[in-house]
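Structure, as structure tokens:
The values are calculated or read from the model by the stated rules, or taken from the named source; none is laboratory data. If you're wondering where the values come from, they're calculated on a predicted model, not measured in any experiment. Here the Cβ is made from the backbone with ideal geometry for all residues, glycine too, and neighbour counts use every protein chain on show. Quick note on the areas: whole protein, heavy atoms, side chains included, nothing else; ligands and nucleic acids left out. Shrake-Rupley method; radii C 1.70, N 1.55, O 1.52, S 1.80 Å.
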Amino acid sequence: MRDLANKQRLLKTFIELVHINSPSFEEREIGAYLIKRLEQAGCSVLVQEYDRSFNVIGVKRGERTEAAPLLLSAHMDTIEPTEGIRITVDDEMVRSAGGTVLGSDDKSAIAQILEALDVIQEQNLSHGDIEVVFSSAEEKGLFGAKNLDCRSIRSRHAIVMDSSGSVGNIIVGAPTHITYKMLISGRPAHAGIEPEQGLSAIRVAAEVITAVPDGRIDSETTANIGIIRGGTATNVVPKEVVLHGEIRSHCDGVLTATRDLIFDTARKIAARRGVTIDIMEHEEYKTFRLREDGPFMEMMKEAFRRCGIEPALVLTGGGSDANIFNQNGICAVNISTGMQRVHSTDEFILKKDLYAGCQILLECIILHSSLRRDT
Ligand SMILES: [Zn+2]
């Protein structure tokens, strides 16, 4: 592996980033930092506002005008808690000192992208146009990506850097994800005086929860009821319960069948028990499944191999901004940055992975510049 990235500068950038508090929808400070860094790296910068936050788009023009443009993407927000973060840095890794997450999800990716841009700038590496999207509020439901005006993106290929685990994974498929809310309405009554007059929404909800398919449905499909709210007092036969659930599947046919089974089962139980049920559903994002051959994927695999890593092409059960890019006709993989135990206070990243992720990105940029615009 040839050394392109500057290890010290990469680490310094990463540490600066983790010290900028950036919960979802509060990305102003990190946004200002990123605009400055993109401009220093020779990018023109566009800020796209939407009602709750904004996305930052950087474009670094390349002299290879015949080359296909490439989109790099990471999200600016982190899961909480992050306030007053303290970290420990040793020879091997950077980790949270406890009490907060580290925020390497997704600041390891941002640092890797910024370092790659700096390397290109200072070493005058030949490249095609590079577009960068730093999105917001990814952790709250891909808000930034969903509000991105993709008409300003010219790339047809994207590398989203938002996957955890050791460097080496290329996510080539993710599920469709729907969420739903069931409102079960029974009839309230005094539980001590006239319970016969009541219809308990909680008892019906319990029956629904135990009757519907749950957990891993098949190798491509999962279902879960994650929130239950209802009842007011022990002496009241409960009037209302709200259940919040979700279904995910790599196969839309199975997803639809599972959804129908869950909703029909709930409606039948409600009818039998004489309560009303209202069900609302929402599609969070759509599935994608990329071809494992073709010029873009071959290029991705080659970039990993050049860094001495045999890539693993994997499917995930989670969603990311890559789902939204794919929905918009941009072929987007999601690769791991080296971040580990994310969304916990044990979060850490190995220094060697932080560096390897950046090296792979640089190889991707170099190799991608030999793909022509029509690929
Ligand atoms: Zn993330």
Please name whichever of HIS282, THR265, SER219 sits farthest to the positive end of the charge dipole of the stretch 176-285, dipole taken about the Cα centre and charges placed at Cβ: Lys and Arg +1, Asp and Glu -1.
-> THR265
Please report how many Lys pairs in the chain have alpha carbons closer than 19 angstrom, counting only residues at least 8 apart along the chain or sitting on separate chains.
-> 19
Measuring from the longest principal axis of the C-alpha atoms of the chain, the long axis of helix 295-306 (C-alpha) lies at a number of degrees, nearest 10, equal to 70
Just add up the charged neighbours of THR222: K/R +1, D/E -1, any other residue whose Cβ is under 10 Å from the Cβ of THR222.
-> -2
What is the helix-to-structure angle for 28-40, meaning the angle in degrees between its Cα long axis and the longest Cα principal axis of the chain, kept from 0 to 90 and rounded to the nearest 10?
-> 20
Report, in degrees rounded to the nearest 10, the 0 to 90 angle that the Cα long axis of helix 351-368 makes with the longest principal axis of the chain.
-> 70
Filtering chymotrypsin sites (Phe, Trp or Tyr not before Pro) in the stretch 12-61 by DSSP loop and by at most 16 other Cβ atoms within 10 Å leaves PHE25, TYR50
Sequence-separation-based contact order of the stretch 16-163, relative, with Cα cut under 8 Å and 6+ spacing, percent = 34
Probe 1.4 Å, protein heavy atoms only - accessible area per residue of the stretch 208-291 in square angstrom = 58
Distance between modelled label sites at ARG52 and ARG373, nm, 7 Å Cα→Cβ extension = 3.8
Relative contact order (%) - the chain, alpha-carbon pairs under 8 angstrom, separation at least six | 25
For the stretch 59-101, what is the relative contact order in percent, using Cα pairs closer than 8 Å and at least 6 residues apart in sequence?
-> 31
Please list the radius of gyration and Dmax for the stretch 176-285, considering alpha-carbon atoms only, with Å as the unit.
-> 15.2, 51
Compactness check, the chain: C-alpha Rg relative to the 2.2 N^0.38 Å globular estimate gives 1.14
With a 1.4 angstrom probe the carbon and sulfur portion of accessible area for the chain, in percent, totals 48
